[in-house]
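Here's the structure, in structure tokens; my notes come after.
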Ligand code: GLU
């Protein structure tokens, strides 16, 4: 089997030279799927996996804009329309200086399986720009978003491709982009999700990813006869996902002791709860990309340039960015007797870290399963837009919770080993794949 994976990966590597993150994401999926495909020859004959790793379309464009000093700035914009077998392309837009085509291909590829896992009719896509929002004024953000949408608008639509937020893209950016789309097309449609509540957004969309991560963690623990009450939790990041996860984990009786930013991490032994969680929103709105001010505000410890994985906790929720938790970090967590690692970001754990968790039979969930709550509520936002109706918070929350439970059950079904240990990576990859693969088979060679 290893030989078959190697032959497949050699082809992928040759075709996608230098695209390390994309290759990493495909490798993980290929290791789970190739044995499954060997047992199901219909997928093999139709070369579904070869087709799945090739985006249906990639759009790359210039984004010129004028900064506050009247100087011309030029960024690069992308949209990777990866797979539309089960619905319109769907996935976020990331504005971050590290954005490259490789990064967006990895994210778009993960999104195919993630969106399939939600059980909602959404294909996979991702986009963004190497624009750095750090230190930019509101006006600069608006001018950039308008320029970005001036090209993107011709490629998207409520039945074609429905972008949303991701790192660096929140309610403000979605507002500016929606305004420009509406102006150019002269139509008010659900072309973006994560909109403001007053103009078509779903209630609970901002909280959804973080809430979903914690609902999923609760399901993993429940399967072992455990729950979140009294558990010590470390979270990385301080954005949307980290905020929602901190809120829900605290509500379910856990104690969150860390958050982090590019500058280091905060350790708050008293627990990050109440107004301290709300303060994360102020940190984000400042556009400075740092967490240190939390330490000054609340008298907590700040560990400059370090990651939170050295803190002894029961549950770790990496909610920042890809490859933020490596083999060494994983070893520290394992040595400190962590019981459960649940990814809130996309691919935050490196392959070495995941292997260590698996070798030690520690519960580990990949982001494509555990962070699917965000895009799931985006799917619910699309439904509400189509209905021209909005559901109440309890209705959305109930649906979100049910979706996360269903994703967990599907992953546990396909990932359960003979000794009872659940390999959630394998479970998520196979459970996500089947629906997309069957749709591709039914739709012929397109
Ligand atoms: N960016 C989020 C993700 O990684 C949400 C995408 C969406 O809502 O379309 O899944």
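Just so you know, all these numbers are worked out from the coordinates, no wet-lab data involved. Worth saying up front: this structure is predicted, and the values here are computed from it rather than measured. Heads up, the Cβs are rebuilt from the backbone with ideal geometry, glycines too, and the neighbour counts pull from every protein chain shown.
Annotations
- Counting beta carbons within 10 Å around each of 62, 94, 172 and listing the fewest first gives the order 62, 172, 94.
- Percentage, to the nearest whole number, of Cα pairs in segment 253-364 over 23 Å apart: 27
- For segment 327-411, the C-alpha radius of gyration divided by 2.2 N^0.38 Å, with N the number of residues, is 1.39.
- Once the Cα-Cα distance is subtracted from the 0.36 nm per residue extended length, the residue 402 to residue 13 segment shows a gain of 136.2 nm.
- Kirkwood-type radius of segment 150-196, with distances r between different C-alpha atoms, in Å: 10.6
- Built from the Cα atoms of segment 135-255, the convex hull projects on average onto 9.4 nm², one quarter of its surface area.
- Histogram of C-alpha separations across segment 294-350, 10 Å bin width, %: 23, 49, 26, 2
- Over the residues of the chain, the helix contribution to mean residue ellipticity at 222 nm works out to -15500 deg cm²/dmol, using -39500 (n - 2.57) for each DSSP H run of at least 4.
- Percent of beta bridges antiparallel (DSSP, the chain, rounded to nearest 5): 60
- Taking one quarter of the surface of the convex hull spanned by the alpha-carbon atoms of the chain gives a direction-averaged projected area of 20.7 nm².
- Distribution of pairwise C-alpha distances over segment 317-373, 10 Å bins, in %: 28, 61, 12, 0
- Over segment 69-187, relative contact order from alpha-carbon pairs under 8 Å, at least 6 apart, %: 33
- Label zone (residue 388, point 7 Å along Cα-to-C-beta; backbone nitrogen cut-off 13 Å) within segment 181-220: 188-190.
- By the beta-carbon count within 10 Å of each Cβ, the least crowded to most crowded order of 193, 209, 160, fewest first, is 160, 193, 209.
- Sorted by Cβ density within 10 Å, fewest first, the residues 61, 148: 61, 148
- Using R0 = 25 Å, the C-beta based FRET efficiency linking residue 434 and residue 6 works out to 0.55.
- By DSSP, the beta bridges lying fully in segment 68-143 are antiparallel in about 65 percent of cases.
- Shape analysis of segment 1-129 based on the Cα gyration tensor places the equivalent ellipsoid semi-axes at 32, 17, 11 Å, largest first.
- Computed label-point distance, nm, for sites residue 66 and residue 187 using a 7 Å Cα→Cβ extension: 3.2
- Restricting the calculation to Cα atoms, every distinct pair contributes to the Kirkwood radius of segment 65-132, found to be 12.7 Å.
- Relative contact order for segment 213-370, counting Cα pairs under 8 Å that sit 6 or more residues apart, in percent: 22
- Counting every pair of alpha carbons in segment 108-181, the share spaced more than 22 Å apart comes to 28 percent.
- In the chain, Cα pairs under 8 Å separated by at least six residues give a relative contact order of 15 percent.
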